[in-house]
Amino acid sequence: MCLIALAWQAHPRWPLVMIANRDETHARPTAPAGPHPDAPDVHGGRDLVAGGSWLLASSRGRMAAVTNVRDGAPAPDRPRSRGALVDGFVRGQADGPAFAEALAGTADQYGRFNLLLWDGRSLHFCSNHPAFVAHAVSPGIHAMSNGAFDAPWPKAGAATQRLQAWLAAEDHAGPAGQADTAPLFEALADTTVADPDLLPDTGVGHTLERFLSPVFILGQDYGTRSSTVLLAGPEGIDFEERRFGPVGAALGGNRVRLGR
């Protein structure tokens, strides 16, 4: 993932609400969100190159999501894929604090990452750049992209504002009692390029910073590949994915409820 906005313990119906865009080269082989062949309780997309995933949830009440960290020159090769952290946590049994503690000793073996871990009770954040850090996420509205947690990037601010407005709306009931997620996908489809004066400096140059600044990135070779809305509540986890090709071409999607 390259942008995640989330609400943690900020709504009486859904303790966790998350909206996320995955940005990647369009040619990278990817399996769409669905049950994993050898772990039917696990749902999400799969990276068919390095293995693992960017976002997974489980009917056992678990979720993990990862972004890379952008910091100038390309990161050195590491022996382990950060996508394996998502897979390992969601398939596993350890709670968030225990998983984070165990990760501390090997975090530098993974590509630069920001990681969210939800075990059904607690929500934790971990990162290995510039050094390993792990902490509980405080209740409220947050954003995680390719910099520090809650860094005030324009795209993060735009997404969190739209998420907060959706949470404040009185009517979240859609067809068949499902929440109306259309406004959240509209938030994730925002292609507004940030004001040059507000761009972060991640060492990639002004032109690339502008290209990467929208919530939804439109590109022929690189851009937003999928948008995901996750709503976790007492009834289970609603997981909805929409997929895109070059220059934002719609490629379909699906919505499931992962019951507990």
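The values are calculated or read from the model by the stated rules, or taken from the named source; none is laboratory data. Since the structure is predicted, the reported quantities are computational estimates derived from the model, not experimental observations. For neighbour counting, all protein chains shown are included, and Cβ atoms are generated from backbone atoms with ideal geometry for every residue, glycine included. Protein only, heavy atoms only, side chains kept; ligands, DNA and RNA dropped before computing areas. Shrake-Rupley method; radii C 1.70, N 1.55, O 1.52, S 1.80 Å.
Legend: residues D41, D108, D201, sorted from most to least accessible area (1.4 Å probe; ligands, DNA and RNA excluded), read D201, D108, D41.
For the chain, the orientation-averaged shadow of the C-alpha convex hull comes to 12.9 nm² (one quarter of the hull surface). Among P74, P154, P234, the largest mean-square fluctuation in a Gaussian network model of the chain, built with springs joining Cα atoms closer than 10 Å, belongs to P74. Label sites at R255 and S138, each approximated as a point 7 angstrom past Cα along Cα to Cβ, lie 3.4 nm apart.
Heavy-atom accessible area for R46, with the other protein chains in place and a 1.4 Å probe, reaches approximately 80 Å². Taking square-rooted eigenvalues a ≥ b ≥ c of the alpha carbon gyration tensor, is the stretch 106-222 rounded, prolate or oblate, where a/c under 1.5 means rounded and, failing that, a/b exceeding b/c means prolate? It comes out oblate by the Cα gyration axes. Taken about its Cα centre, the stretch 68-151 carries a charge dipole of about 160 debye when Lys and Arg each add +1 at the Cβ and Asp and Glu each add -1 at the Cβ.
Residues T192, T30, T224 ordered from highest to lowest accessible area at a 1.4 Å probe: T192, T30, T224. Rg to Rh ratio, the stretch 1-151, alpha-carbon atoms and Kirkwood radius? Here the Rg-to-Rh quotient is 0.93. Residues V215, V193, sorted by accessible area with the largest first, give V193, V215 [1.4 Å probe; ligands and nucleic acids excluded]. Averaging the sequence gap over all C-alpha pairs within less than 8 Å and six or more residues apart, then dividing by the number of residues, gives the chain a relative contact order of 23 percent.
Looking at the chain, the accessible area is 43 square angstrom per residue; that uses a 1.4 Å probe and ignores ligands, DNA and RNA.
Pairwise Cα distances in the stretch 184-260 exceed 21 Å in 41 percent of cases. Ordering V42, H206, S122 by the projection of their Cα atoms onto the charge dipole of the chain, which places +1 on the Cβ of Lys and Arg and -1 on the Cβ of Asp and Glu, puts V42 at the extreme positive end.
Taking all protein chains as they are arranged and a probe of 1.4 Å, the heavy atoms of L208 leave approximately 70 Å² accessible to solvent.
Note on the chain: with neighbouring protein chains present and a 1.4 Å probe, carbon and sulfur make up 53 percent of its accessible heavy-atom surface.
Compute the separation of the alpha-carbon centres of the stretch 47-91 and the stretch 127-151 and state it in Å as a whole number. Using only Cα atoms to place each centre, the spacing works out to 15 Å.
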